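Visitor: Please find one structure pasted underneath; my questions will follow.
Only the coordinates and a few stated rules stand behind these numbers; no lab work does. If you're wondering where the values come from, they're calculated on a predicted model, not measured in any experiment.
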C-alpha cells in the first residue's frame, strides 16, 4: 500500500464514513487508538473500532460531509464534519456538527476526539426532554451510560 499524506489519510477516513464502511475507517487507526466524544467519553483500541462498526451498521437515512482539514503542526489536525441521520431510538432527525481533532503518527491515527454540543444533540435526538434537560449533567450521564451499555452489548455479540 502506498504511503498517504496525513490529509489524504483523513480524507480516506471520512470518505469511508460517508459510505458507512467501518472496516475501511478502522484501517486508518492505530491498534492503540484513543478516542473521545461527548456521548461515548473515552474509548481505547478495539472499543473504538467496535463503536464505528455499531454506528455504521445501525445508521438510517445517513449522509455526511466534511471540510476544512487543517494541519496544526507536529502531527495534529482538525477537520469539520456534519452527519445527518435518523436516531434509531426515537426516529427523530439529527444534524450533528462536529469538530474533529486527530493526532497522526507513522501513517495511522493515534488519537481522535470529536467535539460537539451534547445538549444540542440531545435536543434533536430526544426531543422535548433532551431540549429541557440535555444541559444537565445527570441527564448527560444517563445518555453516556446508555451508549456505553449499547456498545458493550454489541461487542459481546
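Visitor: For the chain, modelled as a GNM with alpha-carbon contacts under 10 angstrom, which of 147, 125, 22 fluctuates the most?
Guide: Among 147, 125, 22, the largest mean-square fluctuation in the Gaussian network model of the chain belongs to 147.
Visitor: Most fluctuating residue of 134, 73, 12 in a GNM of the chain with Cα springs under 10 Å: which is it?
Guide: Residue with maximal mean-square fluctuation among 134, 73, 12: 73.
Visitor: Quick check on the chain: helices-only [θ] at 222 nm, where DSSP H runs of length 4 and up contribute -39,500 (n - 2.57) each and the sum goes over total residues. Nearest 500, please.
Guide: Result for the chain: -13000 deg cm²/dmol, rounded to the nearest 500.
Visitor: Another question about this same structure. Have a look at 136, 96, 46 and tell me which one the Gaussian network model of the chain (Cα, springs below 10 Å) gives the largest fluctuation.
Guide: Result: 136 has the largest fluctuation of those listed.
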